[in-house]
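Presented below is the structure to which this report refers.
The values are calculated or read from the model by the stated rules, or taken from the named source; none is laboratory data. This is a predicted model, so every value here is computed, not measured. When we count neighbours, we look across all protein chains shown, and the Cβ atoms used for this are built from the backbone with ideal geometry, even at glycine. Heavy atoms of the whole protein, side chains included, go into the accessibility calculation; ligands, DNA and RNA do not. Shrake-Rupley method; radii C 1.70, N 1.55, O 1.52, S 1.80 Å.
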Amino acid sequence: MKYRKLGRTGFKVSEISFGAWAIGGSWGEQRDEDSMASLHRALDLGVNFFDTADVYGDGRSERLLARLKRERREPFHIATKAGRRLSPHVADGYNAKNLTAFIERSLRNLNTDCLDLVQLHCPPAEVYYRPEVFEVIDRLTRAGKVANYGVSVEKVEEALKAIEYPGVKTVQIIFNMFRLRPAELFFQEARRRRVGVIARVPLASGMLGGRLKRSSRFAADDHRNFNRHGEAFDRGETFSGVDYETGLRAVARLQRLVPRGATLSQMALRWVLMFDAVSCVIPGVRRPDQMDENARAAELKPLSRATMTAVARIYDRDIRPLVHQLW
Ligand SMILES: NC(=O)c1ccc[n+]([C@@H]2O[C@H](COP(=O)([O-])OP(=O)(O)OC[C@H]3O[C@@H](n4cnc5c(N)ncnc54)[C@H](OP(=O)(O)O)[C@@H]3O)[C@@H](O)[C@H]2O)c1
(Lines give C-alpha, C1' and ligand atoms only; values in the text may rest on other atoms or scores of the structure.)
Protein backbone atom coordinates (compact mmCIF):
# COMPACT_ATOMS: atom_id res chain seq x y z
CA MET A 1 0.00 0.00 0.00
CA LYS A 2 1.06 3.58 -0.59
CA TYR A 3 0.11 6.58 1.51
CA ARG A 4 -0.66 10.25 0.85
CA LYS A 5 -1.17 13.30 3.05
CA LEU A 6 -4.79 14.07 3.88
CA GLY A 7 -4.58 17.83 3.58
CA ARG A 8 -3.71 19.59 6.84
CA THR A 9 -5.09 16.83 9.09
CA GLY A 10 -1.64 15.39 9.73
CA PHE A 11 -2.95 11.96 8.64
CA LYS A 12 -1.11 9.90 6.05
CA VAL A 13 -3.85 7.81 4.53
CA SER A 14 -3.77 4.73 2.34
CA GLU A 15 -4.28 5.56 -1.33
CA ILE A 16 -6.91 2.85 -1.41
CA SER A 17 -9.08 3.41 1.61
CA PHE A 18 -12.43 1.90 2.61
CA GLY A 19 -15.95 3.12 1.87
CA ALA A 20 -18.18 1.75 4.63
CA TRP A 21 -21.65 2.66 3.39
CA ALA A 22 -22.57 -0.77 2.01
CA ILE A 23 -21.62 -2.54 5.25
CA GLY A 24 -24.23 -0.36 6.97
CA GLY A 25 -27.13 -0.90 4.59
CA SER A 26 -29.01 0.26 1.48
CA TRP A 27 -27.20 -2.26 -0.77
CA GLY A 28 -29.39 -5.34 -0.32
CA GLU A 29 -28.61 -8.05 2.21
CA GLN A 30 -25.22 -7.65 3.89
CA ARG A 31 -24.02 -10.07 6.57
CA ASP A 32 -21.91 -8.64 9.41
CA GLU A 33 -19.52 -11.63 9.08
CA ASP A 34 -18.69 -10.55 5.51
CA SER A 35 -18.36 -6.94 6.58
CA MET A 36 -16.02 -7.76 9.49
CA ALA A 37 -13.94 -10.06 7.27
CA SER A 38 -13.64 -7.23 4.72
CA LEU A 39 -12.59 -4.71 7.39
CA HIS A 40 -9.96 -7.09 8.80
CA ARG A 41 -8.66 -7.79 5.29
CA ALA A 42 -8.40 -4.06 4.69
CA LEU A 43 -6.12 -3.62 7.72
CA ASP A 44 -4.08 -6.68 6.66
CA LEU A 45 -3.47 -4.95 3.32
CA GLY A 46 -2.37 -1.64 4.85
CA VAL A 47 -5.64 0.30 4.57
CA ASN A 48 -5.75 2.84 7.39
CA PHE A 49 -8.68 5.13 6.56
CA PHE A 50 -12.36 4.23 6.73
CA ASP A 51 -15.22 6.45 5.64
CA THR A 52 -18.59 5.98 7.34
CA ALA A 53 -21.62 8.04 8.40
CA ASP A 54 -24.06 8.10 11.29
CA VAL A 55 -26.90 7.19 8.91
CA TYR A 56 -25.29 4.15 7.25
CA GLY A 57 -27.56 1.45 8.60
CA ASP A 58 -28.60 3.96 11.30
CA GLY A 59 -25.21 3.53 13.03
CA ARG A 60 -24.53 -0.09 12.07
CA SER A 61 -21.51 0.86 9.94
CA GLU A 62 -20.03 3.01 12.74
CA ARG A 63 -20.57 0.21 15.26
CA LEU A 64 -18.80 -2.33 13.04
CA LEU A 65 -15.82 0.03 12.91
CA ALA A 66 -15.87 0.33 16.70
CA ARG A 67 -15.75 -3.48 16.79
CA LEU A 68 -12.77 -3.46 14.43
CA LYS A 69 -10.96 -1.12 16.85
CA ARG A 70 -11.62 -3.56 19.68
CA GLU A 71 -10.41 -6.54 17.65
CA ARG A 72 -7.21 -4.98 16.24
CA ARG A 73 -4.28 -3.09 17.71
CA GLU A 74 -2.91 -1.15 14.75
CA PRO A 75 -3.94 2.50 14.52
CA PHE A 76 -6.33 3.68 11.81
CA HIS A 77 -8.47 6.72 11.08
CA ILE A 78 -12.26 6.87 10.87
CA ALA A 79 -14.08 9.65 9.07
CA THR A 80 -17.78 9.92 9.84
CA LYS A 81 -20.49 12.34 8.73
CA ALA A 82 -23.26 14.37 10.31
CA GLY A 83 -26.41 16.02 9.03
CA ARG A 84 -28.43 13.39 7.25
CA ARG A 85 -30.35 12.39 10.37
CA LEU A 86 -32.32 15.60 9.83
CA SER A 87 -35.83 15.09 8.58
CA PRO A 88 -36.67 17.22 6.76
CA HIS A 89 -33.08 17.70 5.61
CA VAL A 90 -32.98 21.52 5.59
CA ALA A 91 -30.32 24.16 6.21
CA ASP A 92 -32.00 25.37 9.43
CA GLY A 93 -31.41 21.91 10.92
CA TYR A 94 -27.64 22.48 10.83
CA ASN A 95 -27.65 24.24 14.22
CA ALA A 96 -25.67 23.81 17.44
CA LYS A 97 -28.27 21.63 19.16
CA ASN A 98 -28.66 19.13 16.31
CA LEU A 99 -25.00 18.95 15.30
CA THR A 100 -23.93 18.44 18.91
CA ALA A 101 -26.47 15.63 19.32
CA PHE A 102 -25.32 13.94 16.09
CA ILE A 103 -21.68 14.13 17.11
CA GLU A 104 -22.40 12.81 20.60
CA ARG A 105 -24.20 9.84 19.01
CA SER A 106 -21.27 9.11 16.68
CA LEU A 107 -18.88 9.28 19.65
CA ARG A 108 -20.99 6.61 21.37
CA ASN A 109 -21.30 4.44 18.24
CA LEU A 110 -17.57 4.64 17.61
CA ASN A 111 -16.78 4.21 21.31
CA THR A 112 -14.37 7.13 21.45
CA ASP A 113 -13.93 10.55 23.12
CA CYS A 114 -12.90 12.38 19.96
CA LEU A 115 -13.83 11.86 16.30
CA ASP A 116 -10.85 11.78 13.90
CA LEU A 117 -12.73 13.56 11.12
CA VAL A 118 -16.34 14.73 10.82
CA GLN A 119 -17.79 15.70 7.45
CA LEU A 120 -21.00 17.65 6.91
CA HIS A 121 -23.01 15.11 4.95
CA CYS A 122 -23.97 16.76 1.66
CA PRO A 123 -25.89 19.59 3.31
CA PRO A 124 -28.22 21.84 1.32
CA ALA A 125 -26.15 24.40 -0.65
CA GLU A 126 -27.41 27.19 1.62
CA VAL A 127 -25.38 25.78 4.53
CA TYR A 128 -22.16 26.88 2.80
CA TYR A 129 -23.38 30.47 3.08
CA ARG A 130 -23.89 30.22 6.86
CA PRO A 131 -20.59 30.78 8.70
CA GLU A 132 -22.40 30.08 11.97
CA VAL A 133 -22.61 26.38 11.01
CA PHE A 134 -18.83 26.17 10.70
CA GLU A 135 -18.46 28.08 13.99
CA VAL A 136 -20.48 25.34 15.71
CA ILE A 137 -17.99 22.70 14.56
CA ASP A 138 -15.08 24.97 15.45
CA ARG A 139 -16.50 25.06 19.00
CA LEU A 140 -16.87 21.26 19.09
CA THR A 141 -13.27 21.03 17.89
CA ARG A 142 -12.07 23.33 20.68
CA ALA A 143 -14.09 21.23 23.13
CA GLY A 144 -12.05 18.18 22.03
CA LYS A 145 -14.99 16.23 20.56
CA VAL A 146 -13.71 16.53 16.99
CA ALA A 147 -10.07 16.43 15.82
CA ASN A 148 -10.68 17.59 12.23
CA TYR A 149 -13.63 18.50 10.08
CA GLY A 150 -14.51 18.72 6.43
CA VAL A 151 -17.43 18.43 4.06
CA SER A 152 -18.91 15.89 1.72
CA VAL A 153 -20.41 17.69 -1.27
CA GLU A 154 -22.54 17.02 -4.31
CA LYS A 155 -21.31 19.86 -6.51
CA VAL A 156 -17.99 21.42 -7.44
CA GLU A 157 -19.37 24.88 -6.62
CA GLU A 158 -20.20 23.70 -3.07
CA ALA A 159 -16.66 22.37 -2.69
CA LEU A 160 -15.17 25.68 -3.84
CA LYS A 161 -17.35 27.60 -1.39
CA ALA A 162 -16.67 25.20 1.51
CA ILE A 163 -12.90 25.50 1.29
CA GLU A 164 -13.11 29.24 1.85
CA TYR A 165 -13.70 28.33 5.53
CA PRO A 166 -10.26 27.95 7.07
CA GLY A 167 -11.39 25.11 9.37
CA VAL A 168 -12.41 22.88 6.45
CA LYS A 169 -9.51 20.46 6.01
CA THR A 170 -11.08 17.87 3.70
CA VAL A 171 -13.60 17.62 0.88
CA GLN A 172 -15.24 14.38 -0.15
CA ILE A 173 -16.52 14.50 -3.72
CA ILE A 174 -17.60 12.07 -6.45
CA PHE A 175 -14.67 11.60 -8.82
CA ASN A 176 -14.43 8.76 -11.30
CA MET A 177 -14.16 8.01 -15.04
CA PHE A 178 -17.80 9.19 -15.34
CA ARG A 179 -17.29 12.37 -13.28
CA LEU A 180 -14.37 14.44 -14.53
CA ARG A 181 -15.42 17.96 -13.60
CA PRO A 182 -13.69 18.13 -10.17
CA ALA A 183 -10.34 17.93 -11.99
CA GLU A 184 -10.96 21.20 -13.84
CA LEU A 185 -10.85 23.93 -11.18
CA PHE A 186 -11.56 22.37 -7.81
CA PHE A 187 -8.39 20.24 -7.60
CA GLN A 188 -6.24 23.27 -8.31
CA GLU A 189 -7.93 25.24 -5.51
CA ALA A 190 -7.81 22.30 -3.09
CA ARG A 191 -4.08 21.92 -3.69
CA ARG A 192 -3.50 25.64 -3.22
CA ARG A 193 -5.27 25.56 0.16
CA ARG A 194 -3.79 22.18 1.15
CA VAL A 195 -7.25 20.63 1.48
CA GLY A 196 -7.44 16.83 1.47
CA VAL A 197 -9.57 15.32 -1.29
CA ILE A 198 -11.43 12.07 -0.63
CA ALA A 199 -12.70 10.58 -3.92
CA ARG A 200 -16.00 8.79 -3.40
CA VAL A 201 -18.14 6.53 -5.62
CA PRO A 202 -15.00 5.66 -7.66
CA LEU A 203 -16.69 2.61 -9.20
CA ALA A 204 -19.91 4.50 -10.05
CA SER A 205 -21.79 2.24 -7.59
CA GLY A 206 -20.18 -0.87 -9.07
CA MET A 207 -20.83 0.05 -12.73
CA LEU A 208 -17.08 0.64 -13.25
CA GLY A 209 -16.45 -2.76 -11.66
CA GLY A 210 -17.35 -4.07 -15.12
CA ARG A 211 -19.51 -6.98 -13.96
CA LEU A 212 -22.96 -5.43 -14.20
CA LYS A 213 -25.13 -6.41 -17.15
CA ARG A 214 -28.30 -5.26 -18.80
CA SER A 215 -30.01 -8.19 -17.04
CA SER A 216 -28.60 -7.44 -13.54
CA ARG A 217 -31.30 -7.06 -10.90
CA PHE A 218 -30.90 -5.41 -7.50
CA ALA A 219 -32.70 -6.16 -4.23
CA ALA A 220 -35.66 -3.98 -3.27
CA ASP A 221 -33.60 -2.34 -0.49
CA ASP A 222 -30.55 -1.70 -2.75
CA HIS A 223 -30.33 1.98 -3.78
CA ARG A 224 -29.37 0.78 -7.25
CA ASN A 225 -32.99 -0.30 -7.46
CA PHE A 226 -34.79 2.49 -5.60
CA ASN A 227 -32.59 5.54 -6.20
CA ARG A 228 -31.61 4.98 -9.82
CA HIS A 229 -33.04 8.36 -10.83
CA GLY A 230 -32.42 10.14 -7.52
CA GLU A 231 -35.83 9.41 -5.99
CA ALA A 232 -34.53 8.84 -2.43
CA PHE A 233 -31.50 11.12 -2.27
CA ASP A 234 -29.48 13.11 -4.77
CA ARG A 235 -29.65 11.96 -8.39
CA GLY A 236 -25.89 12.20 -8.75
CA GLU A 237 -25.00 9.38 -6.31
CA THR A 238 -26.38 6.11 -7.71
CA PHE A 239 -24.30 5.12 -10.78
CA SER A 240 -22.94 8.67 -10.30
CA GLY A 241 -26.02 9.99 -12.07
CA VAL A 242 -25.34 8.25 -15.39
CA ASP A 243 -28.22 6.41 -17.04
CA TYR A 244 -27.72 2.63 -16.62
CA GLU A 245 -27.71 1.68 -20.33
CA THR A 246 -25.41 4.58 -21.21
CA GLY A 247 -23.09 3.48 -18.41
CA LEU A 248 -22.96 -0.09 -19.76
CA ARG A 249 -22.10 1.14 -23.26
CA ALA A 250 -19.26 3.33 -21.94
CA VAL A 251 -18.01 0.44 -19.78
CA ALA A 252 -17.78 -1.79 -22.88
CA ARG A 253 -15.48 0.82 -24.46
CA LEU A 254 -13.44 1.27 -21.28
CA GLN A 255 -12.90 -2.50 -21.03
CA ARG A 256 -10.70 -2.28 -24.16
CA LEU A 257 -8.29 0.01 -22.29
CA VAL A 258 -7.69 -2.20 -19.24
CA PRO A 259 -3.94 -2.85 -18.78
CA ARG A 260 -2.84 -6.47 -19.14
CA GLY A 261 -3.22 -8.40 -15.88
CA ALA A 262 -5.56 -5.80 -14.34
CA THR A 263 -9.34 -5.54 -14.04
CA LEU A 264 -11.60 -2.65 -14.95
CA SER A 265 -12.21 -1.85 -11.26
CA GLN A 266 -8.45 -1.65 -10.70
CA MET A 267 -8.05 0.61 -13.71
CA ALA A 268 -10.92 2.78 -12.41
CA LEU A 269 -9.18 3.19 -9.03
CA ARG A 270 -5.74 3.74 -10.58
CA TRP A 271 -7.29 6.36 -12.84
CA VAL A 272 -8.47 8.32 -9.78
CA LEU A 273 -4.99 8.06 -8.22
CA MET A 274 -3.41 9.56 -11.34
CA PHE A 275 -4.54 12.96 -9.99
CA ASP A 276 -2.17 14.11 -7.29
CA ALA A 277 -4.74 16.43 -5.68
CA VAL A 278 -6.55 13.26 -4.57
CA SER A 279 -5.53 12.07 -1.10
CA CYS A 280 -7.33 8.74 -1.19
CA VAL A 281 -10.05 6.85 -2.98
CA ILE A 282 -12.75 5.06 -0.97
CA PRO A 283 -14.35 2.23 -2.96
CA GLY A 284 -17.25 0.58 -1.18
CA VAL A 285 -16.36 -2.99 -0.19
CA ARG A 286 -18.72 -5.79 0.83
CA ARG A 287 -16.51 -8.88 0.66
CA PRO A 288 -12.80 -9.65 1.30
CA ASP A 289 -12.18 -10.62 -2.34
CA GLN A 290 -13.29 -7.13 -3.42
CA MET A 291 -10.88 -5.65 -0.89
CA ASP A 292 -8.04 -7.76 -2.33
CA GLU A 293 -8.81 -6.70 -5.88
CA ASN A 294 -9.19 -3.03 -5.00
CA ALA A 295 -6.04 -2.83 -2.85
CA ARG A 296 -3.95 -4.18 -5.73
CA ALA A 297 -4.89 -1.09 -7.77
CA ALA A 298 -2.39 0.91 -5.70
CA GLU A 299 0.40 -1.30 -7.08
CA LEU A 300 -0.52 -0.82 -10.76
CA LYS A 301 1.89 1.18 -12.90
CA PRO A 302 0.69 4.69 -13.79
CA LEU A 303 -1.76 4.61 -16.70
CA SER A 304 -0.24 5.70 -19.99
CA ARG A 305 -0.95 9.08 -21.50
CA ALA A 306 -2.72 7.29 -24.36
CA THR A 307 -5.03 5.52 -21.89
CA MET A 308 -5.82 8.77 -20.03
CA THR A 309 -6.64 10.45 -23.34
CA ALA A 310 -8.81 7.54 -24.45
CA VAL A 311 -10.76 7.61 -21.16
CA ALA A 312 -11.34 11.36 -21.59
CA ARG A 313 -12.56 10.75 -25.16
CA ILE A 314 -15.07 8.15 -23.99
CA TYR A 315 -16.24 10.60 -21.32
CA ASP A 316 -16.51 13.45 -23.85
CA ARG A 317 -18.49 11.37 -26.27
CA ASP A 318 -20.81 9.29 -24.06
CA ILE A 319 -21.06 11.00 -20.68
CA ARG A 320 -20.22 14.71 -20.83
CA PRO A 321 -23.24 15.81 -22.90
CA LEU A 322 -25.61 14.18 -20.39
CA VAL A 323 -24.20 15.16 -16.99
CA HIS A 324 -21.13 17.41 -17.07
CA GLN A 325 -23.01 20.61 -16.29
CA LEU A 326 -25.03 19.07 -13.43
CA TRP A 327 -22.37 18.58 -10.77
N1 LIG B 1 -23.01 11.56 0.35
C2 LIG B 1 -21.88 10.97 0.70
O3 LIG B 1 -21.12 11.51 1.44
C4 LIG B 1 -21.59 9.62 0.12
C5 LIG B 1 -22.39 9.08 -0.88
C6 LIG B 1 -22.01 7.88 -1.47
C7 LIG B 1 -20.88 7.23 -1.04
N8 LIG B 1 -20.11 7.77 -0.04
C9 LIG B 1 -18.90 7.08 0.44
O10 LIG B 1 -18.14 6.64 -0.68
C11 LIG B 1 -17.94 5.22 -0.60
C12 LIG B 1 -17.86 4.64 -1.99
O13 LIG B 1 -19.01 4.91 -2.75
P14 LIG B 1 -20.12 3.79 -3.05
O15 LIG B 1 -19.92 2.66 -2.10
O16 LIG B 1 -21.43 4.48 -3.09
O17 LIG B 1 -19.80 3.37 -4.54
P18 LIG B 1 -18.55 2.67 -5.28
O19 LIG B 1 -17.38 2.64 -4.41
O20 LIG B 1 -18.46 3.33 -6.60
O21 LIG B 1 -19.12 1.20 -5.54
C22 LIG B 1 -19.13 0.29 -4.49
C23 LIG B 1 -19.75 -1.03 -4.94
O24 LIG B 1 -19.07 -1.58 -6.03
C25 LIG B 1 -19.01 -2.99 -5.91
N26 LIG B 1 -17.59 -3.37 -5.91
C27 LIG B 1 -16.64 -3.13 -4.96
N28 LIG B 1 -15.45 -3.60 -5.34
C29 LIG B 1 -15.63 -4.14 -6.56
C30 LIG B 1 -14.77 -4.80 -7.47
N31 LIG B 1 -13.49 -4.97 -7.18
N32 LIG B 1 -15.30 -5.22 -8.66
C33 LIG B 1 -16.61 -5.04 -8.95
N34 LIG B 1 -17.48 -4.43 -8.11
C35 LIG B 1 -16.99 -3.98 -6.93
C36 LIG B 1 -19.71 -3.36 -4.60
O37 LIG B 1 -21.08 -3.67 -4.81
P38 LIG B 1 -21.63 -5.08 -5.38
O39 LIG B 1 -20.67 -6.13 -4.95
O40 LIG B 1 -22.99 -5.22 -4.78
O41 LIG B 1 -21.72 -4.86 -6.87
C42 LIG B 1 -19.62 -2.06 -3.83
O43 LIG B 1 -20.60 -1.91 -2.86
C44 LIG B 1 -19.15 4.75 0.24
O45 LIG B 1 -18.94 3.45 0.78
C46 LIG B 1 -19.21 5.84 1.27
O47 LIG B 1 -18.22 5.64 2.26
C48 LIG B 1 -20.44 8.96 0.53
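Taking all protein chains together and a probe of 1.4 Å, list Arg4, Arg70, Arg256 from the most accessible to the least accessible. If you can, show how the numbers build up before the last one.
Numbers: Arg4 45, Arg70 160, Arg256 185 Å².
Ranked from most to least accessible, the order is Arg256, Arg70, Arg4.
Taking the Cα centre of the stretch 18-125 as the origin and placing charges on Cβ (Lys, Arg +1; Asp, Glu -1), which of Thr80, Ala101, Gln30 is farthest toward the positive end of the dipole?
Farthest along the dipole direction, towards plus: Ala101.
For the stretch 1-97, divide the Cα radius of gyration by the Kirkwood radius and give the resulting Rg/Rh value with two decimals. Present the calculation step by step, with values, prior to reporting the outcome.
Working: Rg = 14.7 Å, Rh = 14.5 Å.
Here Rg/Rh amounts to 1.01.
Under 1.5 on a/c is rounded, so check that first for the stretch 175-221, then, if it is not, pick prolate when a/b is larger than b/c and oblate when it is not; a ≥ b ≥ c are the square roots of the alpha carbon gyration tensor eigenvalues. Could you put the intermediate results ahead of the total?
Details: a/c = 4.36, a/b = 2.82, b/c = 1.55.
Prolate, since a/c reaches 1.5 and a/b exceeds b/c.
Once both labels are modelled 7 Å past Cα along the beta-carbon direction, what's the Arg130-Ala310 spacing in nm?
Placing both labels 7 Å along Cα→Cβ, they lie 4.9 nm apart.
For the charge dipole of the chain, defined by +1 on Lys and Arg C-beta atoms and -1 on Asp and Glu C-beta atoms about the Cα centroid, which residue among Met1, Ser14, Phe134 has the Cα displaced farthest towards the positive pole?
Met1
What accessible surface, in Å², does a 1.4 Å probe find on Trp271, ignoring ligands, DNA and RNA and rounding to the nearest 10?
Roughly 10 Å² of Trp271 is accessible to a 1.4 Å probe.
So what does log10 I(q)/I(0) come out to for the stretch 279-327 at q = 0.14, 0.18, 0.30 Å⁻¹, using the Debye formula with one equal point on every Cα and no solvent?
Treating every Cα as an identical point scatterer, log10 I(q)/I(0) equals -0.60, -0.86, -0.98.
Excluding residues fewer than 8 places away in the same chain, name every one of the lysines whose C-alpha is closer than 16 Å to that of Lys5.
Lys5 reaches Lys169.
Tell me the accessible surface of Asp92 in square angstrom (1.4 angstrom probe, heavy atoms of protein chains only), to the nearest ten.
We get 110 Å² for Asp92.
Under a plain spin-label model, where a point goes 7 Å from the Cα along Cα-to-Cβ, how far apart in nm are Leu160 and Lys5?
Label-label distance for Leu160 and Lys5, simple model: 2.5 nm.
Could you point to the residue in Ala312, His40, Phe186 farthest towards the positive end of the chain's charge dipole, with +1 and -1 charges on the Cβ of Lys/Arg and Asp/Glu respectively?
Ala312
Using +1 on the beta carbon of Lys and Arg, -1 on that of Asp and Glu, and nothing else charged, what's the dipole of the chain about the Cα centre, debye to 20? Mind showing how you got there, number by number?
On the way: 54 positive and 40 negative charges, 188 e Å.
The dipole magnitude comes to about 900 debye.
Could you give the length gained on full extension between Arg214 and Lys97, defined as 0.36 nm per residue of separation minus the Cα-Cα distance, in nm?
37.5 nm
Could you give the nm distance between label points at Val90 and Asp221, where each point is 7 Å from its Cα heading toward the beta carbon?
Here the answer is 3.0 nm between the modelled labels.
Only four residue types carry charge here, +1 at the Cβ of Lys and Arg and -1 at the Cβ of Asp and Glu. Report the dipole size of the stretch 99-224 about the Cα centre in Debye, rounded to the nearest 20. Before the final figure, lay out the partial values.
Numbers: 21 positive and 15 negative charges, 120 e Å.
About 580 debye.
Would you mind checking the pairs Lys12/Lys301; Lys81/Lys161; Lys2/Lys145; Lys81/Lys145; Lys69/Lys145; Lys69/Lys155 and listing those with alpha carbons more than 23 angstrom apart?
On the way: Lys12/Lys301 21 Å; Lys81/Lys161 19 Å; Lys2/Lys145 29 Å; Lys81/Lys145 14 Å; Lys69/Lys145 18 Å; Lys69/Lys155 33 Å.
Beyond 23 Å between Cα atoms: Lys2/Lys145; Lys69/Lys155.
Dividing the convex hull volume of the alpha carbon atoms of the chain by its residue count, what do you get in Å³ per residue?
Working: hull volume 39.4 nm³, N = 327.
Output value, Cα hull per residue: 121 Å³.
For a test of the definition: using alpha carbon positions, the gyration tensor, and the 1.5 limit on a/c, classify the stretch 184-327 as rounded, prolate or oblate. Present the calculation step by step, with values, prior to reporting the outcome.
Details: a/c = 1.34, a/b = 1.19, b/c = 1.13.
Judged from the Cα gyration tensor, the stretch 184-327 comes out rounded (a/c under 1.5).
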